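The values are calculated or read from the model by the stated rules, or taken from the named source; none is laboratory data. Everything numeric in this text was worked out from a predicted model, so none of it was measured. Here the Cβ is made from the backbone with ideal geometry for all residues, glycine too, and neighbour counts use every protein chain on show. In case anyone asks, the SASA skips ligands and DNA or RNA and just uses the protein heavy atoms, side chains included. Shrake-Rupley method; radii C 1.70, N 1.55, O 1.52, S 1.80 Å.
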Amino acid sequence: MMNYKAPRGTHDILGINALGMSFLELKAKEIFKKRGFEEVRTPIFEDAALFMRSIGNTTDIVEKEMYVFEDRKGRKLALRPEGTASLVRSFIENRMDILMPASKFFYTGEMFRYERPQAGRYRQFHQIGAEFFGNSSPAADAEIIILAQDLLSSIGINGVNIHINSLGCQKCRPLFRETLVKYFSSVQNLCTDCVRRLEKNPLRLLDCKIDSCKFTNAPQMLNYLCVSCKDNFNTVQTLLKSANCNYAVDGTLVRGLDYYTRIVFEIRSKDVGSQDALAAGGRYDNLVKELGGQDTPAVGFALGSQRVLLAAEKQGLFNSFKISEKIFVAIADQELFNEAFSFAVKIARNGLKDNKDISVFGPKNTESLTNQLKFADKIKASKVVVFTKNEFENGKLLVKNMRDRTQAECFIYEV
Ligand code: AMP
């Protein structure tokens, strides 16, 4: 018995799930390319202070969920809990805020949060995300929401609900904040986190995992938006409608990160249980400047790949992930091993005449033909190509169809 297990909240991604993950990424990359988003790969760990400053010191992520460690020189580092802070750091460090202020980037990769694991919530999970810098127009917000939705539909996910809200700007949020503090002060028995955050960050209370159910009558930001934020929110909606994107305005939506301004959104699915947000994002117009860059508006989103795959499985989409046809190359006579081997290499390189998308197995040189065929069944090969002495002398081989158990002789050059 082996004594080791994957750490709590982490998983090996195997078989159809690994295939699904690659398929999702492939589709996402095709879509990003068509819309002018370029890939950025940032380090998996960063200066811990980057996340504290950007995500916010009073958020769950920073307070309880970051994997923070010191390296041998005593630097305080953190495994990235999300992608936006790293992308913004990279955007500024590579001087793109000056050289290429209007630019679009995407990333894919692992994120780490010390959360209580459950279905759809892990300590290591995979995100696909995009950031659109330098465009404050509502068209950029609409583009990001539609992009997230299109990524989901590209692998066949349907029946999702898009929730949108506006968190206002520096002009209108203070009054809302004040009203919220008054409201929360009248609610009995707040949890210790809520009590602590009430003064520093009252918006955080709205998505407290313990208390949020008590806040059904809480004031909503939508009623406090200034004229410009209201206009902005209305225009985003007009644009979404014009692109046939169905959404619902949800005044209760707040996000677990501090940097958002104006539009925030979540795309939820009923098919994945309580952790129902497949993708989420919003606008963060102050973050680039706050982290030391030029004043650059920005909007982005991130999608959780494991959650999307949970939804895909529930919606019966796993069968549509492209699985290559498995071909096993067998030998009836040991002396044909070299010929069979070079044939296997050739079809692995070029595919079969009628199907280029194949996976090739074999030949095995020490087993009886019966055992080779058993192995072919085990790996679910659809065809077995058998090298036998009689056929090979005539430039032929046997092709066994493992589904209907028929077989046919054919010339090697025909396969
Ligand atoms: P966030 O970075 O919190 O805005 O989350 C964006 C998306 O990442 C969510 O909608 C989820 O799909 C996914 N996600 C966030 N946290 C986790 C987690 N702990 N495990 C799996 N997926 C997650």
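Condition check ((1) more than 30 Å from Ala18 (Cβ to Cβ); (2) among the acidic types (Asp, Glu)) across all residues:
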site	(1), (2)
Phe32	no, no
Gly36	no, no
Glu70	yes, yes
Met96	yes, no
Phe105	no, no
Tyr114	no, no
Phe125	no, no
Glu131	no, yes
Across segment 305-330, which residue is nearest to the ligand (Cβ to nearest atom) among those that are open to solvent by less than 20 Å² (accessible area, probe 1.4 Å) and of a type outside the set (A, V, I, L, M)? Ser305
What about Ala28, is it more than 17 Å from Glu290 (Cβ to Cβ), within 15 Å of the ligand (Cβ to nearest atom), modelled with pLDDT of 95 or more and not in a strand (DSSP E or B)? yes
Qualifying positions in segment 137-158 - among the hydrophobic types (A, V, I, L, M, F, W, C) and either free of Cβ contacts under 8 Å to residues at least 12 places away in the same chain or not in a helix (DSSP H, G or I) (or both): Ile155, Ile157
Count of segment 95-116 residues which are closer than 16 Å to Ile61 by Cβ and not aromatic (Phe, Trp, Tyr): 5
Verdict on Arg262 being buried (at least 21 other Cβ atoms within 10 Å of the Cβ), more than 11 Å from the ligand (Cβ to nearest atom) and basic (Lys, Arg): yes
Check whether at least one residue in segment 94-115 is part of a strand (DSSP E or B), of a type in the set (Lys, Arg), at pLDDT 95 or above and touching a strand residue (DSSP E or B) at 6+ places or on another chain (Cβ under 9 Å), and report yes or no. yes
Looking only at segment 110-126, decide whether some residue is hydroxyl-bearing (Ser, Thr, Tyr), under 26 Å from Asn232 (Cβ atoms) and within 14 Å of the chain's Cα centre (by Cα). no
Within segment 265-285, which residues are at pLDDT below 95 and either outside the structural domain of Ala148 (by TED's automatic domain parsing) or open to solvent by less than 40 Å² (accessible area, probe 1.4 Å) (or both)? Val272, Gln275
Would you check which residues across segment 30-77 are without any contact (Cβ under 8 Å) to a residue 24 or more places away in the chain and under 28 Å from Met100 (Cβ atoms) and list them? Lys33, Lys34, Met52
Search result, residues across segment 118-129 that are near the ligand (Cβ under 8 Å from one of its atoms), assigned to a loop (DSSP other than H, G, I, E, B) and open to solvent by 20 Å² or more (accessible area, probe 1.4 Å): Tyr122, Arg123
If you go through segment 130-144 one residue at a time, how many are on the phi < 0 side of the Ramachandran plot and either out of contact with any helix residue (DSSP H, G or I) (no Cβ under 7 Å at 6 or more places or on another chain) or aliphatic (A, V, I, L, M) (or both)? 9
Sole residue being within 15 Å of the ligand (Cβ to nearest atom) and touching a Lys or Arg at 6+ places or on another chain (Cβ under 9 Å), chosen from Asp295, Asp276, Asp250: Asp276
